[in-house]
Amino acid sequence: HEEKCSNLETPMIREFYLWELKQSIVIKLREATIQDLPLLLEFEKGLIEYEREFTPNLKKSSFNYYDLRAYIENPEISVVVAEQYNIVIASGYALINKNKHYKNPEYYVFLGFMYVIPEKRGVGVNKMIIDYLLNWGKEKGYSEFQLDVYTPNISAIKAYEKAGFTPETLTMRINTRD
C-alpha cells in the first residue's frame with residue numbers, strides 16, 4: 001500500500017488494490033469529512049435496517065446509533081471511508097474506550113459502524129477498513145481492539161474472525177412481554 005500524509009491538515013489516504021475479474025481496482029481509504037455526513041447518515045440507516053433482523057428490540061421509530069458529526073469532528077476518533085472511483089462505498093470508526101476496572105489494558109480501541117454497500121460486499125473492503133483502523137490505534141499506542149456484533153450475523157462474525165478477532169462474551173436477553 002501507499003501512504004500519503006503531508007501535514008496535519010491533509011487527511012491520511014491509503015490506497016489498496018483489489019484484483020477483481022483480472023482488473024486492478026483502486027480503493028482509497030481516507031478520514032471522513034463533514035461533507036461525507038449526509039451519505040454516512042444513509043449508511044447508518046442501512047446498517048440499522050440490516051440489523052433489525054438480528055434483534056427484536058430495536059425501536060420502530062427513527063433513531064441513530066452514533067453521533068457521526070461529533071465523531072468526525074473529534075481528532076481522537078477515526079471515522080474512515082472507502083472510495084472507489086471517488087464514490088464512497090464503505091465506512092467504519094475507531095474510538096478509545098476505558099476498559100472495565102477488572103480488565104487489562106486500561107484502555108482499548110473500539111471499532112464500529114462497519115458498513116459496506118451491498119454490491120461491494122465480499123471482496124475485502126471491510127478488511128481494508130479494519131486494517132486501517134487497527135493501524136490508527138497502533139499508531140496511538142494501543143494494542144487491544146474490540147467490536148460488537150449480533151450473534152445471528154454469521155457473515156460478519158466470519159469476517160471479523162478472518163481479520164483475527166475472537167469471541168469473548170455473549171450478551172443474552174429475555175423479555176417477558178415478548
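The values are calculated or read from the model by the stated rules, or taken from the named source; none is laboratory data. For clarity, every value in this text was computed on a predicted model and none was experimentally measured. Every residue, glycine as well, gets a Cβ built from its backbone with ideal geometry; the counts of neighbours run over all protein chains shown. Areas reflect the complete protein model, heavy atoms only, side chains present, ligands, DNA and RNA absent. Shrake-Rupley method; radii C 1.70, N 1.55, O 1.52, S 1.80 Å.
Remarks
- Looking only at residues of region 67-89 that are of a type in the set (Ser, Thr, Tyr) and in contact with a strand residue (DSSP E or B) (Cβ under 6 Å, 6 or more places away or on another chain), we find that the one that is most open to solvent (accessible area, probe 1.4 Å) is TYR71.
- All of (1) buried (at least 16 other Cβ atoms within 10 Å of the Cβ); (2) small (Gly, Ala, Ser); (3) free of Cβ contacts under 8 Å to residues at least 60 places away in the same chain hold for GLY124 with one exception: (3).
- Pick from region 11-40, criterion modelled with pLDDT under 60 and among the charged types (D, E, K, R), ranking: most open to solvent (accessible area, probe 1.4 Å): LYS22
- Neighbours by Cβ (under 8 Å, 6+ apart or cross-chain): first from region 81-102, free of Cβ contacts under 8 Å to residues at least 60 places away in the same chain and among the hydrophobic types (A, V, I, L, M, F, W, C); second part of a loop (DSSP other than H, G, I, E, B) and surrounded by 14 or more Cβ atoms within 10 Å (Cβ to Cβ): VAL81/ALA32; ALA90/ILE117; ILE96/TYR142
- When residues of region 158-173 are limited to those that are in a helix (DSSP H, G or I) and touching a residue at least 12 places away in the same chain (Cβ under 8 Å), the one farthest from GLY112 (Cα to Cα): LYS162
- Yes/no for MET172 being within 25 Å of ILE77 (Cβ to Cβ) and either open to solvent by 30 Å² or more (accessible area, probe 1.4 Å) or within 14 Å of the chain's Cα centre (by Cα) (or both): no
- Residue within region 107-117 that is free of Cβ contacts under 8 Å to residues at least 60 places away in the same chain and more than 13 Å from the chain's Cα centre (by Cα) present: yes
- Test: ILE129 is open to solvent by 30 Å² or more (accessible area, probe 1.4 Å) and either among the β-branched types (Val, Ile, Thr) or in contact (Cβ under 8 Å) with a residue 24 or more places away in the chain (or both): no
- Failed criterion for ARG177 (all others in (1) more than 15 Å from the chain's Cα centre (by Cα); (2) of a type outside the set (Gly, Ala, Ser); (3) on the phi > 0 side of the Ramachandran plot hold): (3)
- Residue check, VAL116 open to solvent by 30 Å² or more (accessible area, probe 1.4 Å), of a type outside the set (Lys, Arg) and closer than 18 Å to GLU83 by Cβ: no
- The one condition in (1) assigned to a helix (DSSP H, G or I); (2) at pLDDT below 95 that PHE43 fails to fulfil: (2)
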